[in-house]
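The values are calculated or read from the model by the stated rules, or taken from the named source; none is laboratory data. Note that this is a predicted model, so its numbers are computed, not measured. So basically every Cβ, Gly included, is an ideal-geometry build from the backbone, and we count neighbours across all protein chains shown. With ligands, DNA and RNA removed, areas are computed over all heavy atoms of the protein, side chains included. Shrake-Rupley method; radii C 1.70, N 1.55, O 1.52, S 1.80 Å.
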Amino acid sequence: DVKVTQSSRYLVKRTGEKVFLECVQDMDHENMFWYRQDPGLGLRLIYFSYDVKMKEKGDIPEGYSVSREKKERFSLILESASTNQTSMYLCASSLFALLGNSPLHFGNGTRLTVT
Amino acid sequence: SQELEQSPQSLIVQEGKNLTINCTSSKTLYGLYWYKQKYGEGLIFLMMLQKGGEEKSHEKITAKLDEKKQQSSLHITASQPSHAGIYLCGADFVTGTASKLTFGTGTRLQVTL
């Protein structure tokens, strides 16, 4: 079974702090994704990566950056956390670039609260 | 996403009853994915549909994609408390490399004893 592991389940940070959310997958997947999930808005894509050191902006990249130095690890960075970034963050990975051949596999999520 | 509408938004059913959740798109889908999310946790992949008229089943859950590939339904037979959670549909609107999913806002299912 694919395992996508997010380093923290719950995180509380102060406004202005730099925040790192880590995600690791153990199945040699090419593609990795970061989503945030908010009530009434569903899942929204922040960034995704289809190769090491490659990244593409999703629908809501503002205020975020990402890093993919190794194939198995995809980090989401909040440069200066703000209260409107309080949310559930979900990492996902997929084997192939064409989703029709492989679904997304998700981690358990990190619930981030910015005070 | 306004491109993908799920209905109903929430559902309370008695254990043993059947139920249906719908996912409707304003555009033709290239792939439709159903996920389940337990409260406060990540998403678990259920099924993937790609062909018009396709139907797949897993245990007591059946998913269908209509012939026009714009609507999918998820049907649960004889619901159990373990079926409780949030069901999300995800749509692949784009073919090509590095596709990404657009998700509906989810249907919250409660199963009462």
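Are any residues in segment B:12-30 assigned to a strand (DSSP E or B) and in contact with a Phe, Trp or Tyr (Cβ under 9 Å, 6 or more places away or on another chain), and if so, which ones?
B:ILE21, B:CYS23, B:SER25, listed by residue number.
So, in segment B:22-51, exactly how many residues are more than 22 Å from A:ASP38 (Cβ to Cβ), at pLDDT 90 or above and either away from every other protein chain (no Cβ under 14 Å) or open to solvent by 20 Å² or more (accessible area, probe 1.4 Å) (or both)?
3
Can you tell me which condition A:ARG44 does not meet? The list is (1) more than 10 Å from chain B (Cβ to nearest Cβ); (2) assigned to a strand (DSSP E or B), and all the others hold.
Among (1) more than 10 Å from chain B (Cβ to nearest Cβ); (2) assigned to a strand (DSSP E or B), A:ARG44 violates only (1).
Within segment B:31-113, considering only strands (runs of 3 or more DSSP E) that don't extend past its boundaries, which have at least 1 residues that are without any contact (Cβ under 8 Å) to a residue 40 or more places away in the chain and in contact with a Pro (Cβ under 8 Å, 6 or more places away or on another chain)?
Per the criteria, B:43-49.
I'd like the full set of residues that are more than 14 Å from the chain's Cα centre (by Cα) and open to solvent by less than 40 Å² (accessible area, probe 1.4 Å), limited to segment B:11-21.
Within segment B:11-21, just B:VAL13 meets the criteria.
Checking A:LEU11 against (1) of a type outside the set (D, E, K, R); (2) surrounded by fewer than 20 Cβ atoms within 10 Å (Cβ to Cβ); (3) part of a loop (DSSP other than H, G, I, E, B), only one condition comes out false. Which one?
The one condition A:LEU11 does not meet is (3).
How many residues are farther than 25 Å from B:GLN50 by Cβ, out of contact with any Ser or Thr (no Cβ under 9 Å at 6 or more places or on another chain) and assigned to a loop (DSSP other than H, G, I, E, B) if we restrict to segment A:54-64?
Total meeting the criteria: 4.
Restricting attention to segment A:65-115, report how many residues are open to solvent by 40 Å² or more (accessible area, probe 1.4 Å), more than 8 Å from every other protein chain (Cβ to nearest Cβ), within 22 Å of A:GLY16 (Cα to Cα) and part of a strand (DSSP E or B).
Total meeting the criteria: 1.
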